[in-house]
Amino acid sequence: MKYIASCSFGKDSLAMILTIIEHGLPLDEVVFYDTGMEFQALYNVRDAVLPLLRKNGIRYIELHPDRPFLYDMLERPVKGRERRGYGWCGGLCRWGTTCKLKALDRYAESIGAKVYVGIAADEHDRLKKERKPYKIFPLASYKLTEAACLELCYAAGYFWEEDGGAGVVRLYDILDRVSCWCCCNKNLKELRNIRKYLPLYWEKLKDLQRQLERPMKGFYKGQPRGVFELGERFMKEEAEHEKAQEIPAPGQALDV
């Protein structure tokens, strides 16, 4: 029986790998599905982990989409639609996630493997969902929460440091989840931080929005919430914040 671990090289799946090695659990392969749309920091962490895998005799396997991500997003003919491409991935249309999970399951089933999956102990809803019988959840078994996973990875020297052109930032300081940089499931806090701390990625999001009809965050009260509309909103918020900082508190002396 082969044992493989599905690893995105985010905090939870990496903590799972470190835990498996620490406790001497059987592990033959680590499998990474590369969308081609990950933050550079994630690829850097992957590359830093590869020597650890080799040291422990663990084979590294990399899977890829059948077609480039951007082709499916922007160009692929879709039955029943005039426009091409699936559009933004996320929400009710998680086409990229579906492709990833199918590819990982197909690979595992082709070799008859048991699969370790990095779902943290406090992700109760995900753990309750029906899972295929060959999947194992070591983080839940060892009661490792999401916060504990991040601490474990930091202690091991993995920080997800990204240089977006405005300086180096740790991704988990500004994002709740280090998913694909173009995932439309990112919340407003995350998007606000990408614009502020990772402007090069914000420019990439703007480039995608120019090519897509649907706004990235859909509509609210009939108004679009695309990348450009959100950018204007964030700029307005920043201006209001700066103005508020300039107003002296009651009783505070003015500079003259």
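Remarks
- Measuring between alpha carbons in the structure, the pairs from Lys196/Lys243; Lys2/Lys132; Lys196/Lys217; Lys143/Lys189; Lys2/Lys135; Lys100/Lys189 lying more than 21 angstrom apart are Lys143/Lys189; Lys100/Lys189.
- Here Lys55 is the anchor, and no lysines lie within straight C-alpha reach of less than 17 Å, apart from those fewer than 8 places off in the same chain.
- Here the Gaussian network model covers the chain, with springs between Cα atoms less than 10 Å apart; of Phe137, Phe159, Phe219, Phe219 fluctuates the most.
- Once the chain from Tyr60 to Asp163 is taken as fully extended at 0.36 nm per residue, the excess over their C-alpha distance is 34.4 nm.
- The calculated FRET efficiency for the pair His124 and Arg233, based on their C-beta separation and a Förster distance of 35 Å, comes to about 0.60.
- With both labels modelled 7 Å from their Cα along Cα-to-Cβ, the Leu50 to Glu109 distance reads 3.0 nm.
- The GNM of the chain, with springs linking C-alpha atoms under 10 angstrom apart, assigns the highest mean-square fluctuation among Gln245, Gln209, Gln223 to Gln245.
- For a modelled paramagnetic label at Gln245, 7 Å from Cα along Cα-to-Cβ, the residues of the range 181-205 in reach, with backbone nitrogen under 16 Å, are 193, 196-197.
- A cut-off under 14 angstrom between Cβ atoms defines the neighbours of Gly87, and their net charge, with Lys, Arg +1 and Asp, Glu -1, is +4.
- Rounded tilt (10° steps) of 95-111 against the dominant C-alpha axis of the chain: 10
- The modelled label-to-label distance for the pair Lys102/His23, using points 7 Å beyond Cα in the direction of Cβ, is 3.3 nm.
- Going through [x] 1.06; [y] 0.93; [z] 1.03, the figure that equals Rg/Rh (Cα atoms, Kirkwood Rh) as computed for the structure here is [z].
- Applying a DSSP loop filter and a limit of 10 other Cβ atoms within 10 Å to the trypsin sites (Lys or Arg not before Pro) in the range 1-79 leaves Lys79.
- Once each of the GluC sites (Glu not before Pro) sitting in a DSSP loop with at most 15 other beta-carbon atoms within 10 Å is removed, the chain keeps 131-212 as its longest stretch.
- Local electrostatic count, Arg46, Cβ distance below 12 Å [Lys/Arg +1, Asp/Glu -1]: -4
- Spacing of the two label points (7 Å from each Cα toward its C-beta) at Ala156 and Arg214, in nm: 3.6
Just so you know, all these numbers are worked out from the coordinates, no wet-lab data involved. All values reported here derive from a predicted model rather than from experimental measurement. Neighbour counts are summed over all protein chains in view; Cβ atoms, including those assigned to glycine, are modelled from backbone coordinates with ideal geometry.
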